[in-house]
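A.B. asks: Quick one: structure below, then a few questions.
The values are calculated or read from the model by the stated rules, or taken from the named source; none is laboratory data. Small disclaimer: the values here were computed from a predicted structure and weren't measured. We place every Cβ from the backbone using ideal geometry, glycine too, and count neighbours over all the protein chains shown. Areas reflect the complete protein model, heavy atoms only, side chains present, ligands, DNA and RNA absent. Shrake-Rupley method; radii C 1.70, N 1.55, O 1.52, S 1.80 Å.
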Amino acid sequence: MKIVVTGGLGFVGHSLVRNLLLEGHEVHVLGRTINPPKDKLVNGLHYHSHDLSQKKIAAPWFKGTDTVFHVAAKAGVGGRYETYRQANLIATEYLLKACQEFGVSKLIYTSTPSVAFSTEPIRGGDESLPYSREVFSPYASTKALAEQAVLAAHNPSSMRTIALRPHLIWGEGDPHLLPRVISRHRAGKLKIVGEGKNMVDLTHLDNVVHAHLCAFRSMVSRDDLGGNAYFIGQNEPVALWKWLNEIFSALGLPILERSVSFKSAYRIGSVIEKIWNLFHLTNDPPMTRFVASQLAHDHWFSTSAAKRDLGYRPVINMAEAMQKTLPWLKTL
């Protein structure tokens with residue numbers, strides 16, 4: 001089967017591509033890099049350089065594509081809203097138009113639980129949660145708009161679409177989550193936000209890729225599947241700061257004890273956001289209101305819908321995932 005993966009050289013995308021190749025599919029990868037690293041161009045992968053935020057795909061190689069995995073996105077907590085809008089929303093709209101014109105039958109979108117972000121704790125949240133009305137995270141806001149565009153494009157008689165919302169992806173090769181936290185702790189810039197007892201569900205890369213494959217197989221075998229979003233998690237919420245301290249200890253780093261209240265972090269984040277906006281800074285700020293809420297509150301989600309419709313169940317638990325990832329963390 002001919003499959004296109006956007007962002008197929010990235011953390012999630014490349015692992016997904018490897019699995020699809022092992023299953024014998026013809027896999028085409030779409031990315032903005034003109035000269036990608038040679039170690040990423042694994043045997044059988046067809047790479048195409050194209051910036052979806054600038055124009056839709058009109059290339060002959062896209063013809064005959066059965067399924068598109070739209071994994072590419074701009075993540076982060078800093079930078080201009082327009083940059084996120086172009087990378088996350090406009091690129092998705094161009095891709096949807098190309099899929100419709102070329103007769104793609106299935107599109108699986110990699111979304112995020114942040115589309116339902118709340119400044120209040122979320123415990124066992126399901127797909128009935130409304131889209132967030134908050135606009136202080138350009139990433140969350142533009143991903144929510146893109147997800148809505150994907151689901152609105154669902155058409156049982158032509159192109160069926162679904163969205164997956166994996167929560168806090170981690171594992172070997174993680175470019176964002178744990179490396180940044182460890183780096184800030186080493187630099188003495190990390191503090192516990194809130195009481196330090198909040199429960200969070202993180203999702204190992206193996207489970208995220210497995211969820212994508214479950215979605216793909218389910219859409220192949222069922223012609224009634226589509227038009228919905230699904231939370232994807234580990235189903236093992238952990239006490240975030242206790243878990244991080246266990247990692248710090250395993251890495252020979254001191255236990256983190258310094259803390260700041262949620263209210264203080266939230267206020268500091270608000271001030272820093274204004275400074276970043278005033279001076280048009282593009283790097284990630286040290287604190288934002290979004291980050292303060294994420295670090296201080298419970299946020300974990302039910303995967304019941306994904307289990308029911310997609311047959312998703314985690315293939316690796318937290319203990320196994322840590323055992324697998326820790327050797328890599330020690331190299332950072």
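A.B. asks: I'd like the antiparallel share, as a percent to the nearest 5, of DSSP beta bridges with both residues in the chain. Walk me through the numbers before you get to the answer.
C.D. replies: Working: 2 of 37 bridges.
If we restrict to bridges inside the chain, about 5 percent are antiparallel.
A.B. asks: Near LYS263, which aspartates and glutamates are there with a Cα under 13 Å away, not counting those fewer than 8 places off in the same chain?
C.D. replies: GLU120, GLU195
A.B. asks: Taking amide H positions as placed in the peptide plane 1.01 Å from N, state which residues far from TYR109 in sequence (5 or more) or on other chains have amide H under 5 Å from it.
C.D. replies: HIS70, ILE162, ALA163, LEU164
A.B. asks: For the range 225-332, which GluC sites (Glu not before Pro) are in a loop by DSSP, counting at most 12 other Cβ atoms within 10 Å? Write down the numbers at each step before the final one.
C.D. replies: Numbers: sites: GLU246, GLU257, GLU273, GLU320; in loops: GLU257.
Here the GluC sites (Glu not before Pro) that fit, given the DSSP loop and packing criteria, are GLU257.
A.B. asks: In whole angstrom, how far apart do the alpha carbon centroids of the range 170-244 and the range 1-74 sit?
C.D. replies: 23
A.B. asks: Pairs of alpha-carbon atoms within less than 8 angstrom and 6+ residues apart define the contacts here; what relative contact order does the chain have, in percent?
C.D. replies: Relative contact order, the chain: 19 percent.
A.B. asks: Using only DSSP helix segments of four residues or longer, with each worth -39500 (n - 2.57), what per-residue ellipticity at 222 nm results for the chain after dividing by its residue count and rounding to 500?
C.D. replies: On the way: 11 runs with 125 residues, N = 332.
After summing the helix terms and dividing by the residues of the chain, the value is -11500 deg cm²/dmol.
A.B. asks: Can you tell me which lysines have their Cα less than 24 Å from the Cα of LYS97? Leave out same-chain residues fewer than eight positions away.
C.D. replies: The qualifying lysines are LYS2, LYS55, LYS56, LYS63, LYS74, LYS106, LYS143.
A.B. asks: Given a 1.4 angstrom probe, what's the average accessible area per residue across the chain, in square angstrom?
C.D. replies: Working: 15220 Å² over 332 residues.
Computed with neighbouring chains in place, this is 46 Å² per residue.
A.B. asks: For the chain, what % of the accessible area comes from carbon and sulfur atoms, probe 1.4 Å?
C.D. replies: Values: 8020 of 15220 Å².
So the carbon and sulfur contribution to the accessible surface is 53 percent.
A.B. asks: Given a cut-off of under 8 Å on Cα pairs at least six residues apart, what relative contact order in percent is computed for the range 1-92? Please list the in-between numbers first.
C.D. replies: Details: 134 pairs, mean separation 32.1, N = 92.
Rounded, it is 35 percent for the range 1-92.
A.B. asks: Still on this structure: Report the longest stretch of the chain that contains none of the trypsin sites (Lys or Arg not before Pro) sitting in a DSSP loop with at most 16 other Cβ atoms within 10 Å. Could you put the intermediate results ahead of the total?
C.D. replies: On the way: sites that count: LYS55, LYS63, ARG80, ARG133, LYS189, LYS197, ARG222, ARG258, LYS330.
It works out to 259-329.
A.B. asks: Which whole-number percent gives the relative contact order of the range 59-179, counting Cα pairs below 8 Å spaced six or more residues apart? Write down the numbers at each step before the final one.
C.D. replies: Details: 158 pairs, mean separation 38.0, N = 121.
Result for the range 59-179 is 31 percent.
A.B. asks: Near LYS330, which lysines are there with a Cα under 22 Å away, not counting those fewer than 8 places off in the same chain?
C.D. replies: Result set, ordered by chain and number: LYS189, LYS191, LYS242.
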